[in-house]
């Protein structure tokens with residue numbers, strides 16, 4: 001199976017915009033909480049795990065894509 005990659009247009013548009021948004025939000029969160037980088041790193045790991053192919057969240061999203069008429 002080929003790994004999906006965004007197009008150049010997607011990279012310079014949505015992906016770049018979302019990256020900048022995440023960085024801004026995480027910087028603001030860190031400043032608000034006065035927490036170390038390690039907390040932000042661990043926080044991102046929790047979020048990342050929601051998109052693991054084995055997570056129930058990922059399986060639910062795939063089920064919804066495969067069965068749109070059910071929703």
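The numbers here are math on the coordinates, done by the rules we state, and not lab data. Because the structure is a prediction, the values reported are computed rather than measured. Here Cβ is always computed from backbone atoms with ideal geometry, including for glycine, and neighbour counts include all displayed protein chains.
What to note about this one:
- Set 20, 54, 45: member being exposed (fewer than 10 other Cβ atoms within 10 Å of the Cβ), in a helix (DSSP H, G or I) and out of contact with any strand residue (DSSP E or B) (no Cβ under 6 Å at 6 or more places or on another chain): 45
- Where a residue in region 4-31 is under 15 Å from residue 44 (Cβ atoms) and its partner, wherever it lies, is surrounded by 10 or more Cβ atoms within 10 Å (Cβ to Cβ), with Cβ under 7 Å and at least six apart: 26/40; 30/40
- Test: residue in region 29-39 that is assigned to a helix (DSSP H, G or I) and within 15 Å of the chain's Cα centre (by Cα): no
- Pair list, Cβ < 8 Å and 6+ apart or interchain, from region 39-68 residues that are in contact (Cβ under 8 Å) with a residue 60 or more places away in the chain to residues that are exposed (fewer than 11 other Cβ atoms within 10 Å of the Cβ) and assigned to a helix (DSSP H, G or I): none
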